[in-house]
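These notes are about the structure you will find just below.
The values are calculated or read from the model by the stated rules, or taken from the named source; none is laboratory data. This is a predicted model, so every value here is computed, not measured. Here Cβ is always computed from backbone atoms with ideal geometry, including for glycine, and neighbour counts include all displayed protein chains. Each accessible area value is taken on the protein alone, full model and side chains, heavy atoms only, with ligands, DNA and RNA left out. Shrake-Rupley method; radii C 1.70, N 1.55, O 1.52, S 1.80 Å.
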Amino acid sequence: GTSMTAGVAEIAGFQLGGPLGGPAADNPRGFFEHLSISQHHDRLLAEVGLEWHDPVDPLSLASAAQLDRWRVETAALFDEVAQELPHFCFKDPRTLRFLPLWHEVLAARGRSVAHVVAVRDPRHVVASLHRRNGLDPAYGERLWLFDHRQLLGHLRGYTPAVSFYDAAVAAPQR
């Protein structure tokens, strides 16, 4: 769902920057994840002892000094990958964990923020997490629920666009 949505955004004229993560057997058109941003998020997660699949808010574990440094590093990363791109967008599922941080960085740079939320049947997400990452289905369900609760909290005050993956696959001409 998120890869399809990012691909559509690129076709619509948004600038994904790069380098982007390439294709895989289970995603032959590619993941459309900005590698520098994904690596940045992985590094921040690791600093507080987490991985992408841990249902824990890393911002709640970081010290005030870490949060200050993360703001500076995230701002520098944005300047490096997107400052010159007027319609920059990026996709990285880890962004959910750092959305408040990105909101702060982008606001400080006078950049407007728009969100596109890719919605997919949770059963399909859980099956994908099991097939692709070996996550136990019950754990995948808890992770999906945690992520969506966190997402709703982070989007308070915003009006996101919503992309329904199953509907797009069923009727791509729309």
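Counting every Cα pair in region 1-151, what percent are over 22 Å apart? Each step should come with its number before you reach the end.
Details: 4758 of 11325 pairs.
So the portion of pairs separated by more than 22 Å is 42 percent.
Given points 7 Å out from each Cα along the Cα-Cβ axis, report the ALA171 to TYR139 separation in nanometres with one decimal.
My value for the distance between the label points is 3.9 nm.
At a 10 angstrom cut-off on C-beta neighbours, averaged per residue, how do the peptides 53-63, 162-172 rank from highest to lowest?
With the highest mean Cβ count within 10 Å placed first, the list reads 53-63, 162-172.
Per residue, what accessible area does the chain have, given a 1.4 Å probe and all protein chains present, in Å²?
Details: 9910 Å² over 174 residues.
Solvent-accessible surface per residue comes out at 57 Å².
DSSP loop GluC sites (Glu not before Pro) in region 1-87 with at most 16 other Cβ atoms within 10 Å of their Cβ, which ones? Walk me through the intermediate numbers first.
On the way: sites: GLU10, GLU33, GLU47, GLU51, GLU73, GLU80, GLU84; in loops: GLU51, GLU84.
Listed in order of number, the matching sites are GLU51, GLU84.
With Cβ to Cβ distances under 13 Å as the rule, what net charge do the other residues near PRO23 carry (K, R +1; D, E -1)? Please report the intermediate quantities before stating the final value.
Numbers: positive: ARG29; negative: ASP26, GLU33.
Once positives and negatives cancel, what remains is -1.
Within the accessible area of region 1-138, what % is carbon and sulfur when the probe is 1.4 Å and the other protein chains stay in place? Before the final figure, lay out each step's value.
Numbers: 4190 of 7210 Å².
Carbon-and-sulfur percentage of accessible area, whole number: 58.
Would you grab the residues whose amide H sits under 5 Å from the one on LYS91? Only those 5+ places off in sequence or on another chain, please, with H modelled 1.01 Å from N.
HIS34
Taking H placed 1.01 Å from N in the peptide plane, check which residues at least 5 places from LEU20 or on another chain put their amide H under 5 Å from its amide H.
Amide H to amide H, under 5 Å and 5 or more residues apart or across chains, LEU20 pairs with LEU35.
Can you work out ³J(HN,Hα) from phi for every residue in region 119-128, in order, using Karplus 6.51 cos²θ - 1.76 cosθ + 1.60 and θ = phi - 60°, giving whole Hz and x for Gly and Pro?
3J(HN,Hα) across region 119-128, in whole Hz: 9, 9, 3, x, 5, 6, 5, 4, 4, 5.
In whole Hz and in residue order, list the ³J(HN,Hα) couplings for region 131-145 that follow from phi through the Karplus curve 6.51 cos²θ - 1.76 cosθ + 1.60, θ = phi - 60°; x for Gly and Pro.
Working through the residues one at a time gives 5, 7, 10, x, 6, 4, x, 5, 5, x, 5, 5, 5, 4, 5 Hz.
Return the long-range amide H neighbours of HIS115 (sequence gap of 5 or more, or a different chain), with a cut-off of under 5 Å between placed amide H atoms.
ALA161
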